[in-house]
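Structure first, then comments.
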Ligand SMILES: Nc1ncnc2c1ncn2[C@@H]1O[C@H](COP(=O)(O)OP(=O)(O)O)[C@@H](O)[C@H]1O
Ligand SMILES: [Mg+2]
């Protein structure tokens, strides 16, 4: 595989009865960004942990920067940077001390570690907070510091596991900016995310993962065209009318409609002619005398990709509502740790 | 490129360099752990308040009546303080497991494990930092002891040996605590679990009271308890003259040997266990 910095072949990993990875194939080419897109529990973190040598695979093969994750784990670690799903910064150290420590652990000389730490802090807008303990940092600042820690070693390959999950929209935009700049320097990046939009903005190629397997792979445009461009979403006021409404709009778009009987939601891929189909849908529903609670055109999300690819919905969390999700994330991690025992 | 990449294998550094790097990494993490006490001084304050309370409680509240059970010529504070050194060191060692569980929970251990640092550094750094912290606490306890009438009466050499034994015991228990911390992985559980084994070990021993005042069945336990051995050894290092006459059971040398054997035995079991538990945290 010419010019590939990450090569994964038929990787499997089982936890008890759960196949976290069930034969995963993946490739990241030098200097590119691959987005590993999937819902909670799809196997994203497991993949990253195996590639970062935190976890041994059950079977299959994986190399990073040419090093085998099992046989050459030690050498591999000097070639990678990892920012895990939860910011792993030392709250009792200052921003500068955090990064300096990581630099020293990459075995950089003291002065060099300090210089790079300062560079990174500068670049991530943390220079003025560099002397404060990380305990005083906001969630967004911690994430940036954590990301910074994964960069002081100037890694050839970078792994970011859900870098913006739990951030408020503004911090998310800031982080996207940083990540985009970063990959302009030629760092190869494997990024996991639950958001199609995030993968769309940052990744050259996207691998959609479900049940520990890649179920689709391509550029964002390729994936979106498989979904059929934009999505028309409507909700009937009276749930009893869902079937009638669906009957009226089905066949309007290039793909089939998805009907959620419980909520009264109907989702319909509309290709490139969103406004035309929206207008036609409204006319038809009006003719049927179906009363709508809501109707909108929107860009496709992971949910839509999933519906199209698998026929089942995800449990992906909505993109807004930051603080609340941050705590639920922590809770679910605790749950996982408990299961670990 | 790919052909070259695919064939890349690790150029392992030489043994000497690996050892040097391992020591350097261990020291970096020792410094990191010690910085916590600088940043959150209350941590250190709390780890000394409790032992000070124990000293005051036993010296002034229980001391009067316990003192009567002691052999003539031995005052209670001279009996108590060596015991307190051991007890404080063992209680303090719970911080090792709590600290590791905390780092695990925050994902910091994951970060360390993804770095090209020595695998030994996390445990080495943690136990070494706790060794230094315990040294500070023991020296502080010595000062408190001097305020309430305790004196090193066997000379400076034995005074130094006494302090070394106390922190050595603390370090030994750090490895037990590390094993528990890495297995339970959760701060509160580690704290709760620690006291389950620490209480019988320290209180049913010669730390606070002479063993021969206990019922027969308990004496069996208390005499076999290594905590009693260490406390008695420390007494033999701080009291003047021949400890045999002070009813400590054996001579200084015999006690010191027993103490050393216990330390070695516990380390031989728990250092490998802790390392194994660390390897399995992935
Ligand atoms: N340490 C573990 N013990 C037991 N099950 C686990 C563990 N880690 C992950 N799993 C399970 O493996 C599957 C994949 O998890 P994960 O890789 O964390 O998914 P994602 O990161 O995509 O949300 C899930 O079903 C999860 O519950
Ligand atoms: Mg995850």
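The values are calculated or read from the model by the stated rules, or taken from the named source; none is laboratory data. What you are looking at is a predicted structure, and each value in this text was computed from that prediction instead of being measured. Backbone-built Cβ (ideal geometry, glycine too); neighbour counts: all protein chains shown.
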Reported set for the range A:32-66 where residues are under 22 Å from residue B:109 (Cα atoms) and more than 15 Å from ligand 1 (Cβ to nearest atom) is A:53, A:64
When every residue in the range B:112-129 that is assigned to a helix (DSSP H, G or I) and at the interface with another protein chain (Cβ under 9 Å from one of its Cβ atoms) is compared, the one farthest from residue A:73 (Cα to Cα) is B:121
query = Among the residues of the range A:18-26, is there at least one that is on the phi > 0 side of the Ramachandran plot and either within 14 Å of another protein chain (Cβ to nearest Cβ) or near ligand 1 (Cβ under 9 Å from one of its atoms) (or both)?
reply = no
Quiz item: Restricting attention to the range A:210-217, does a residue exist that is modelled with pLDDT under 85 and under 25 Å from residue A:60 (Cβ atoms)?
Solution: no
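Every residue, every condition in (1) without any contact (Cβ under 8 Å) to a residue 40 or more places away in the chain; (2) in contact with a helix residue (DSSP H, G or I) (Cβ under 9 Å, 6 or more places away or on another chain); (3) within 14 Å of chain A (Cβ to nearest Cβ), yes or no:
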| site | (1), (2), (3) |
| --- | --- |
| B:187 | no, yes, yes |
| B:209 | no, yes, no |
| B:213 | no, yes, no |
| B:222 | yes, yes, no |
| B:228 | yes, yes, no |
| B:233 | no, yes, no |
| B:239 | no, yes, no |
| B:259 | no, yes, no |
Just one listed residue, out of A:102, A:69, is buried (at least 20 other Cβ atoms within 10 Å of the Cβ), at pLDDT 95 or above and more than 9 Å from every other protein chain (Cβ to nearest Cβ), and it is A:69
inquiry  = Looking at the structure I just gave you, is residue B:93 within 14 Å of chain A (Cβ to nearest Cβ), within 15 Å of the chain's Cα centre (by Cα) and part of a helix (DSSP H, G or I)?
reply    = no
Checking A:218, A:153, A:139, A:148 in turn, the sole residue that is more than 30 Å from residue A:268 (Cβ to Cβ), surrounded by fewer than 20 Cβ atoms within 10 Å (Cβ to Cβ) and more than 16 Å from ligand 2 (Cβ to nearest atom) turns out to be A:139
Note on the range A:7-17: residues closer than 11 Å to residue A:212 by Cβ, away from chain B (no Cβ under 13 Å) and either near ligand 1 (Cβ under 10 Å from one of its atoms) or free of Cβ contacts under 8 Å to residues at least 12 places away in the same chain (or both) are A:14
The one condition residue A:161 fails out of (1) within 12 Å of chain B (Cβ to nearest Cβ); (2) away from ligand 2 (no atom under 16 Å from the Cβ) is (2)
Given the conditions (1) away from ligand 2 (no atom under 16 Å from the Cβ); (2) at the interface with another protein chain (Cβ under 9 Å from one of its Cβ atoms); (3) in contact (Cβ under 8 Å) with a residue 40 or more places away in the chain, every one holds for residue A:84 apart from (1)
Taking the range A:36-48 and the residues there that are surrounded by fewer than 24 Cβ atoms within 10 Å (Cβ to Cβ) and farther than 21 Å from residue A:77 by Cα, the one that is farthest from the other protein chains (Cβ to nearest Cβ) would be A:39
When restricted to A:111, A:75, the only residue out of contact with any helix residue (DSSP H, G or I) (no Cβ under 9 Å at 6 or more places or on another chain) and at pLDDT 95 or above is A:111
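Of the residues A:117, A:111, which is within 14 Å of chain B (Cβ to nearest Cβ), in a helix (DSSP H, G or I) and more than 16 Å from ligand 1 (Cβ to nearest atom)? Break it down stepwise before answering.
Numbers: A:111 fails: within 14 Å of chain B (Cβ to nearest Cβ).
Just one listed residue meets the conditions, A:117.
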Check your understanding: Taking the condition in the same structural domain as residue A:48 (by TED's automatic domain parsing), in a strand (DSSP E or B), away from ligand 1 (no atom under 16 Å from the Cβ) and surrounded by 24 or more Cβ atoms within 10 Å (Cβ to Cβ), does residue A:160 pass?
Key -> no
For the range A:183-194, pairs from a residue that is farther than 10 Å from residue A:5 by Cβ and within 14 Å of chain B (Cβ to nearest Cβ) to a residue that is within 16 Å of ligand 1 (Cβ to nearest atom) and not in a loop (DSSP other than H, G, I, E, B), with Cβ under 7 Å and 6 or more apart or across chains, are none
With criteria (1) without any contact (Cβ under 8 Å) to a residue 60 or more places away in the chain; (2) within 30 Å of residue A:48 (Cα to Cα), residue A:213 comes up short on (1)
Exactly one of A:283, A:180, A:170 is under 28 Å from residue A:147 (Cβ atoms), assigned to a helix (DSSP H, G or I) and free of Cβ contacts under 8 Å to residues at least 24 places away in the same chain, and that one is A:180
request  = Kindly indicate whether residue A:28 is within 20 Å of the chain's Cα centre (by Cα), crowded, with 18+ Cβ neighbours inside 10 Å and away from ligand 2 (no atom under 16 Å from the Cβ).
outcome  = yes
Has the range A:230-249 got at least one residue that is in contact with a strand residue (DSSP E or B) (Cβ under 9 Å, 6 or more places away or on another chain), surrounded by fewer than 19 Cβ atoms within 10 Å (Cβ to Cβ) and at positive phi? no
Exactly one of A:49, A:14 is modelled with pLDDT of 95 or more and away from ligand 2 (no atom under 16 Å from the Cβ), and that residue is A:14
